[in-house]
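Structure, as structure tokens:
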Amino acid sequence: MTPSVMDIAAPPWSVDSNGVAKLTLNRPLSRNSLALDVILSLNATFAAIAEDAKVRAVILTAEGPAFSSGHDLRELRAHRNDEDGGRSFNQELMARCAEMMQAIVALPKPVIAAVEGVATAAGCQLVAACDLAVAGRNARFALPGINIGLFCSTPLVAVGRAVSRKHAMEMALTGELYTAEDAERFGLVNRVVPAGSAEAEAMKLATGLAKRSAKTLAIGKRAFYRQIEMPLDQAYALASEAMVENLAERDADEGISAFLEKRAPRWEAE
């Protein structure tokens with residue numbers, strides 16, 4: 001049985017034979033809202049995964065009718081009764097959430113979101129933060145904060161980097177629900193599959209990625225996210241250095257040799 005994300009705070013890990021770890025948001029009654037304790041657990045989970053050589057790819061999925069509805073509005077409202085009106089709590093929540101989203105980007109292994117149901121606000125942000133995303137046809141996506149007087153500024157950090165500016169602002173300004181097909185057209189998800197099969201499709205992707213050189217994936221992922229925000233000349237300089245670093249690795253030499261010799265590569269064990 002796959003443990004819920006709340007049960008995973010540190011190694012040891014339970015990983016399938018392909019090196020794929022599955023993380024499951026498992027609070028369906030709260031629509032898998034990202035309460036502070038869930039965010040802290042995810043942060044600890046990603047830190048553990050980063051150090052676990054057995055894990056070569058990660059799938060992030062959820063139980064129940066929602067992938068994630070975003071921050072827990074009841075939690076936010078409860079802290080309005082704090083002495084400072086909840087400001088300190090809100091600062092802590094946003095800081096830890098930002099850390100968690102960045103931990104996905106920094107993780108030296110690919111992370112794939114498998115989305116069924118709705119992914120809204122910080123839940124949509126979570127999808128955008130992942131390297132790849134697969135959506136069931138019934139999945140829906142939104143940045144609905146505008147509807148309750150709360151502009152989705154932090155979700156736009158990830159969403160605005162995953163889709164065009166016009167589409168990101170459309171989502172945030174209208175607060176409307178968008179279909180899985182819209183999300184694919186916007187660039188928020190990679191592919192749309194029949195309802196209920198997002199996890200199976202994500203597993204196919206993850207299993208394929210797990211067969212690649214782990215070192216090469218780590219180098220490439222790190223370089224991509226660093227260069228994508230840079231001016232063109234700096235991006236080329238960084239990417240060129242990443243290629244030089246990659247070419248110096250044993251796995252690159254092995255991969256080139258295997259290609260030229262028309263055989264399967266034998267990647268270096270982690």
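Some notes on this structure:
- Screening residue 85 on (1) part of a loop (DSSP other than H, G, I, E, B); (2) touching a residue at least 40 places away in the same chain (Cβ under 8 Å); (3) of a type outside the set (Asp, Glu) shows it passes everything except condition (2).
- Sole exception among (1) at pLDDT 95 or above; (2) more than 19 Å from the chain's Cα centre (by Cα) for residue 82, by number: (1)
- Conditions (1) modelled with pLDDT of 90 or more; (2) within 21 Å of residue 134 (Cα to Cα); (3) of a type outside the set (D, E, K, R): number failed by residue 35: (2)
- Whichever residue in segment 252-269 is in a loop (DSSP other than H, G, I, E, B) and acidic (Asp, Glu) and, among such residues, is surrounded by the most Cβ atoms within 10 Å (Cβ to Cβ): 268
- Verdict on residue 89 being surrounded by 16 or more Cβ atoms within 10 Å (Cβ to Cβ) and under 15 Å from the mean Cα position of the chain (by Cα): no
Residues are listed down the side, and each one gets a yes or a no for (1) touching a residue at least 24 places away in the same chain (Cβ under 8 Å); (2) closer than 15 Å to residue 70 by Cβ; (3) buried (at least 16 other Cβ atoms within 10 Å of the Cβ):
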{"position": "125", "(1), (2), (3)": "yes, yes, yes"}
{"position": "130", "(1), (2), (3)": "yes, no, yes"}
{"position": "161", "(1), (2), (3)": "yes, no, no"}
{"position": "171", "(1), (2), (3)": "yes, yes, yes"}
{"position": "180", "(1), (2), (3)": "yes, no, yes"}
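- Inclusion of residue 257 among residues that are over 26 Å from the mean Cα position of the chain (by Cα) and hydroxyl-bearing (Ser, Thr, Tyr) is warranted.
- Within segment 34-68, tally of residues that are in contact (Cβ under 8 Å) with a residue 60 or more places away in the chain, in contact with a strand residue (DSSP E or B) (Cβ under 8 Å, 6 or more places away or on another chain) and not in a helix (DSSP H, G or I): 8
- When residue 214 is tested against (1) more than 23 Å from residue 131 (Cβ to Cβ); (2) in contact (Cβ under 8 Å) with a residue 60 or more places away in the chain, only condition (1) is not met.
- Residue selected from segment 128-162 under the condition among the aliphatic types (A, V, I, L, M) and over 15 Å from the mean Cα position of the chain (by Cα), by the criterion nearest to residue 118 (Cα to Cα): 139
- Within segment 69-97, the set of residues being at negative phi and in contact with a strand residue (DSSP E or B) (Cβ under 8 Å, 6 or more places away or on another chain) comprises just one member, 69.
Per-residue answers, yes or no, for (1) at pLDDT 95 or above; (2) over 17 Å from the mean Cα position of the chain (by Cα); (3) farther than 29 Å from residue 119 by Cα:
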position	(1), (2), (3)
187	yes, no, no
192	yes, no, no
196	yes, yes, no
199	yes, no, no
206	yes, no, no
215	no, yes, yes
221	yes, no, no
227	no, yes, no
237	no, yes, yes
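- Close pairs from segment 189-207: first without any contact (Cβ under 8 Å) to a residue 60 or more places away in the chain, partner part of a helix (DSSP H, G or I) and surrounded by fewer than 19 Cβ atoms within 10 Å (Cβ to Cβ), Cβ under 7 Å, at least 6 apart: 191/184; 192/181; 192/184
- Figure legend. Inter-residue proximity from segment 218-230: first residues without any contact (Cβ under 8 Å) to a residue 40 or more places away in the chain, second residues among the small types (Gly, Ala, Ser), beta-carbon distance below 7 Å, spacing 6+ or different chains. Indicated pairs: 219/242; 223/239; 223/242; 227/235; 227/239.
- 1 or more residues more than 21 Å from residue 72 (Cβ to Cβ) and at pLDDT below 95: qualifying strands (runs of 3 or more DSSP E) within segment 98-144: none
The values are calculated or read from the model by the stated rules, or taken from the named source; none is laboratory data. Just so we're clear, the structure is a prediction, and the values are computed from it rather than from any experiment. Virtual Cβ from ideal backbone geometry, glycine too; neighbours counted across all protein chains shown.
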